[in-house]
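Colleague: Handing you a structure now.
The values are calculated or read from the model by the stated rules, or taken from the named source; none is laboratory data. Quantities reported herein were computed from a predicted structural model and do not represent experimental measurements. As a convention, Cβ positions derive from the backbone with ideal geometry for all residues, glycine included, and neighbour counts pool all protein chains shown.
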């Protein structure tokens, strides 16, 4: 065996352990990663937890019942009792105004920017208007040319009228000659035979016949000339109608020319700008905003779009008073009232959307800013006289199972982290089906833990199932 073969065999034997270690490292890494993912997703479920039975806090909407704990006059809220809170966003009231171009074209100039305040009829943008100018000029020239044709055509009416007058006079002349010829013939026929030659009598008769034929020929021209006049009149009417069509085409060309200048339809602020020089704007496209130049809204007319959890939505109604607070203006309380309630709930978010009109919007507010809303049980201005009398108000009442109440003052509550929390509560006197009225300490939608409570302590993990 050569020296090179011995050297290569030793190197091969030296690399085998390294390769084996790498081969074992890959599955170990995958296993560790898999275990880490399982621990991340299901780690909390694998931790030990106390099995407990729970029951939901029952929410009932009361109508026409007195408040069990009426507040003192010094602490009375002019808005009434707060029912619940929810988050939402600012948006234009009642909707955003879209300003589109009404003709297809390419943007020439833009005179506004997003967030800019504009006035009504203020110029927003212009389109390239070269074609529109040429079309308008062509439409005007067609009208001028057609008016000249009408004038020339109507001149034929004067000529035909003159010919008609001349033909009438010619008829009168021929009738006079006919009368003269008939008189001459009569006198010739009255002369005794032999006084004049027979040839003269025949010539007189032929002259009468000739004059009568001339009158008939002249009279035959009258219907032709009158028909010519009627034809000219009908052609004038048709040409006038064509002139009206040309004037309509000119007005359309003028309208297209005017539409190359896009002006604001209202006083407001630019919400979104969809135009830029050189950008085309087209009608009849699949994109619903293909023709939109800007989106406008009135900063003095704003509303809030509030998503209300379904377990709180029972206390929602039109005209309800709302207080709104924004992170932008934490010291400013915005007053509003519920104007609309959505006709459909959000299945995924388990919420119902409401529109809250803002009575005192601030000019610094912008659409899509986050708001926090507080809803009160007295919402409309008409009910302000009854705010001190709770007998006519509507409010949400919370009831907890009697078995879950400890020492008439505390209950164990399931937190969102699936831990136990001992909470102080204030009870009312009313009872309903083994449930006790809870005035403070609980929220709608929460679950309370039923006994036994011997294994419970603050913060302990629990695994709960709802008792039927």
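Colleague: Tally the residues that are on the phi < 0 side of the Ramachandran plot and part of a loop (DSSP other than H, G, I, E, B), restricting the search to the range 402-426.
Modeller: Residues flagged as on the phi < 0 side of the Ramachandran plot and part of a loop (DSSP other than H, G, I, E, B) within the range 402-426 amount to 5.
Colleague: Of all residues in the range 127-143, how many are crowded, with 18+ Cβ neighbours inside 10 Å, in a helix (DSSP H, G or I) and under 32 Å from the mean Cα position of the chain (by Cα)?
Modeller: 1
Colleague: Here's something else I'd like to know. Tell me, please, whether a residue that is within 30 Å of residue 163 (Cα to Cα) and touching a helix residue (DSSP H, G or I) at 6+ places or on another chain (Cβ under 7 Å) can be found in the range 184-196.
Modeller: Within the range 184-196, not a single residue is within 30 Å of residue 163 (Cα to Cα) and touching a helix residue (DSSP H, G or I) at 6+ places or on another chain (Cβ under 7 Å).
Per-residue answers, yes or no, for (1) without any contact (Cβ under 8 Å) to a residue 60 or more places away in the chain; (2) within 21 Å of residue 312 (Cα to Cα):
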residue	(1), (2)
415	yes, yes
418	no, no
421	yes, no
432	no, yes
441	yes, yes
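Colleague: Which of (1) under 30 Å from residue 157 (Cα atoms); (2) surrounded by 15 or more Cβ atoms within 10 Å (Cβ to Cβ) is the odd one out, the single condition residue 231 does not satisfy?
Modeller: (2)
Colleague: Going by what's in this entry, would residue 161 be described as surrounded by 12 or more Cβ atoms within 10 Å (Cβ to Cβ), closer than 30 Å to residue 242 by Cβ, assigned by TED's automatic domain parsing to the domain that holds residue 231 and over 60 Å from the mean Cα position of the chain (by Cα)?
Modeller: Yes; evaluated as a whole, the condition is true for this residue.
Colleague: Is it the case that residue 248 is touching a strand residue (DSSP E or B) at 6+ places or on another chain (Cβ under 8 Å) and over 30 Å from residue 362 (Cα atoms)?
Modeller: It is false that residue 248 is touching a strand residue (DSSP E or B) at 6+ places or on another chain (Cβ under 8 Å) and over 30 Å from residue 362 (Cα atoms).
Colleague: I'd like to check something: does the range 94-116 contain any residue that is surrounded by 15 or more Cβ atoms within 10 Å (Cβ to Cβ), out of contact with any helix residue (DSSP H, G or I) (no Cβ under 7 Å at 6 or more places or on another chain), modelled with pLDDT under 95 and within 30 Å of residue 423 (Cα to Cα)?
Modeller: For the range 94-116, residues surrounded by 15 or more Cβ atoms within 10 Å (Cβ to Cβ), out of contact with any helix residue (DSSP H, G or I) (no Cβ under 7 Å at 6 or more places or on another chain), modelled with pLDDT under 95 and within 30 Å of residue 423 (Cα to Cα): absent.
Colleague: Please find, among 149, 205, 185, the residue that is exposed (fewer than 14 other Cβ atoms within 10 Å of the Cβ) and touching a residue at least 12 places away in the same chain (Cβ under 8 Å).
Modeller: Checking each option against the conditions leaves just 149.
Conditions tested, residue by residue: (1) assigned to a loop (DSSP other than H, G, I, E, B); (2) at pLDDT 85 or above.
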{"position": "383", "(1), (2)": "no, no"}
{"position": "395", "(1), (2)": "no, no"}
{"position": "398", "(1), (2)": "no, yes"}
{"position": "428", "(1), (2)": "no, yes"}
{"position": "438", "(1), (2)": "no, yes"}
{"position": "442", "(1), (2)": "yes, yes"}
{"position": "455", "(1), (2)": "yes, no"}
{"position": "465", "(1), (2)": "no, no"}
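Colleague: Hey, another quick one. Exactly one of (1) in contact with a strand residue (DSSP E or B) (Cβ under 9 Å, 6 or more places away or on another chain); (2) assigned to a loop (DSSP other than H, G, I, E, B) is unmet by residue 329. Its number?
Modeller: (1)
Colleague: Restricting attention to the range 432-453, which residues are more than 48 Å from the chain's Cα centre (by Cα) and over 16 Å from residue 54 (Cβ atoms)?
Modeller: 432, 433, 436
Colleague: Among residues belonging to the range 48-66 that are closer than 22 Å to residue 402 by Cβ and part of a loop (DSSP other than H, G, I, E, B), point out the one that is modelled with the lowest pLDDT.
Modeller: 65
Colleague: Regarding residue 44, is this residue surrounded by 12 or more Cβ atoms within 10 Å (Cβ to Cβ) and either at pLDDT below 80 or touching a helix residue (DSSP H, G or I) at 6+ places or on another chain (Cβ under 6 Å) (or both)?
Modeller: Yes.
Colleague: Kindly establish whether residue 252 is assigned by TED's automatic domain parsing to the domain that holds residue 168, modelled with pLDDT of 80 or more and either in contact with a helix residue (DSSP H, G or I) (Cβ under 6 Å, 6 or more places away or on another chain) or under 30 Å from residue 168 (Cα atoms) (or both).
Modeller: The answer is no for residue 252.
Colleague: Is it true that residue 266 is under 60 Å from the mean Cα position of the chain (by Cα) and under 30 Å from residue 146 (Cα atoms)?
Modeller: No.
Colleague: Residues in the range 340-355: is at least one surrounded by 20 or more Cβ atoms within 10 Å (Cβ to Cβ), part of a strand (DSSP E or B) and more than 25 Å from the chain's Cα centre (by Cα)?
Modeller: no
Colleague: While we're here: Anything in the range 444-453 that is in contact (Cβ under 8 Å) with a residue 60 or more places away in the chain and either over 15 Å from residue 58 (Cβ atoms) or part of a strand (DSSP E or B) (or both)? List them, or say none.
Modeller: 447, 448, 449
Colleague: Residues that are surrounded by 15 or more Cβ atoms within 10 Å (Cβ to Cβ) and under 30 Å from residue 153 (Cβ atoms): does the range 253-263 have at least one?
Modeller: Checked against the condition, which is being surrounded by 15 or more Cβ atoms within 10 Å (Cβ to Cβ) and under 30 Å from residue 153 (Cβ atoms), the range 253-263 yields at least one hit.
Colleague: Within the range 315-336, track down each residue that is surrounded by 18 or more Cβ atoms within 10 Å (Cβ to Cβ) and in contact (Cβ under 8 Å) with a residue 40 or more places away in the chain.
Modeller: Passing the criteria: 315, 316, 320, 321, 322, 323, 324, 326.
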